[in-house]
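The values are calculated or read from the model by the stated rules, or taken from the named source; none is laboratory data. Remember, it's a predicted structure, so these values are computed and weren't measured experimentally. Here the Cβ positions follow ideal geometry from the backbone for every residue, glycine too, while neighbour counts run over all protein chains shown. The area values use the complete protein model at the heavy-atom level, side chains included, leaving out ligands, DNA and RNA. Shrake-Rupley method; radii C 1.70, N 1.55, O 1.52, S 1.80 Å.
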Amino acid sequence: SLVDLVSNAPREKVVRVALSALRILAQCTADNSPDLSGKKEITGSSFLSEMIGCGLIKYVDLMKERQWTDPDIVEDLGILHKLLHQNYKEMSTWDVYLAEVQSGSLEWGILHTEKFFKENASKFEGPDGDFSVVKYLVALTTNNDEEVQAIACYDLGEFVRHYPNGRAIAKSLGAKDIVMRLVDHSNEEVQRHALTAISKMMVQNWAVSQNVS
């Protein structure tokens, strides 16, 4: 993706092209990208939310501290930095979480904590009641990135804990069977979070069982 090019590209030429493309997306409006299908308009704000979900803010912040010889890179970084931080301030923690999950770029942080799930558990059912976020998390347990797999397992376990009837919903979406396969994973972190998630899916009251143990 463009974000991967920005964060990993060794040459300034590649970085310049990727930043330029990201800037164009971030600044696009409904006027210059009309949607004639009657669907929701896609604007710069939509793209910025996706960029935030992919972790672009962190990379742009770091890159702004570097000395670049290309003035176009400096200008694009300045504009992206301003737009990303403005959009981030307007997003709720749930908006940021949703963007991160949809991007598939999960990273440990305040979005993957007990506090977050306590405050946002009801939102996991989604506006259509189809639990699409949970479906994304189930899919991410098979991601090639082992950290993403571990975080997805943790999130599924916390969803089960804090959403009413979460155990039955997770099971109906195939979460239990898929996570069970990760209990024997070669990566210890994935294995640990998978085992914990399975325990949460099987125990009626996880908090009580933890106190007893």
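Output yes when any residue across region 139-154 is surrounded by fewer than 20 Cβ atoms within 10 Å (Cβ to Cβ), over 17 Å from ILE178 (Cα atoms) and touching a residue at least 24 places away in the same chain (Cβ under 8 Å), and no when none is.
no
How many residues does region 59-75 contain that are surrounded by 13 or more Cβ atoms within 10 Å (Cβ to Cβ) and either within 24 Å of the chain's Cα centre (by Cα) or part of a loop (DSSP other than H, G, I, E, B) (or both)?
Count: 7.
Going by the conditions given, is VAL133 open to solvent by 10 Å² or more (accessible area, probe 1.4 Å), part of a helix (DSSP H, G or I), in contact with a helix residue (DSSP H, G or I) (Cβ under 6 Å, 6 or more places away or on another chain) and without any contact (Cβ under 8 Å) to a residue 60 or more places away in the chain?
So VAL133 does not fit the description; no.
Exactly one condition in (1) at pLDDT below 90; (2) open to solvent by 90 Å² or more (accessible area, probe 1.4 Å) is not met by CYS28; state its number.
Failed condition: (2).
Looking at the structure I just gave you, is HIS112 modelled with pLDDT of 90 or more and either among the basic types (Lys, Arg) or open to solvent by 50 Å² or more (accessible area, probe 1.4 Å) (or both)?
Taking the combined requirement at face value, the residue does not satisfy it.
If you check GLU147 against the conditions, is it in a helix (DSSP H, G or I), under 28 Å from MET51 (Cβ atoms) and in contact with a Gly (Cβ under 6 Å, 6 or more places away or on another chain)?
no
Under 6 Å between Cβ atoms, at least 6 apart or on separate chains: pull out the pairs that start in region 160-172 with a residue that is more than 14 Å from LYS135 (Cβ to Cβ) and open to solvent by 30 Å² or more (accessible area, probe 1.4 Å) and end on any residue that is in a helix (DSSP H, G or I) and not hydrophobic (A, V, I, L, M, F, W, C).
Within 6 Å, the pairs are ARG161/LYS200; HIS162/LYS118.
Condition first: of a type outside the set (Val, Ile, Thr), surrounded by 16 or more Cβ atoms within 10 Å (Cβ to Cβ) and without any contact (Cβ under 8 Å) to a residue 40 or more places away in the chain. Now tell me which residues in region 47-58 satisfy that.
Within region 47-58, PHE47, LEU48 qualify.
Here's a check for you: in region 156-207, which residue that is of a type in the set (Gly, Ala, Ser) and part of a loop (DSSP other than H, G, I, E, B) is nearest to TRP108 (Cα to Cα)?
SER186
Yes or no: HIS85 closer than 14 Å to GLY53 by Cα and either open to solvent by less than 30 Å² (accessible area, probe 1.4 Å) or modelled with pLDDT of 95 or more (or both)?
no
Please give the number of the condition LEU80 fails out of (1) in contact with a Phe, Trp or Tyr (Cβ under 8 Å, 6 or more places away or on another chain); (2) open to solvent by less than 10 Å² (accessible area, probe 1.4 Å).
(1)
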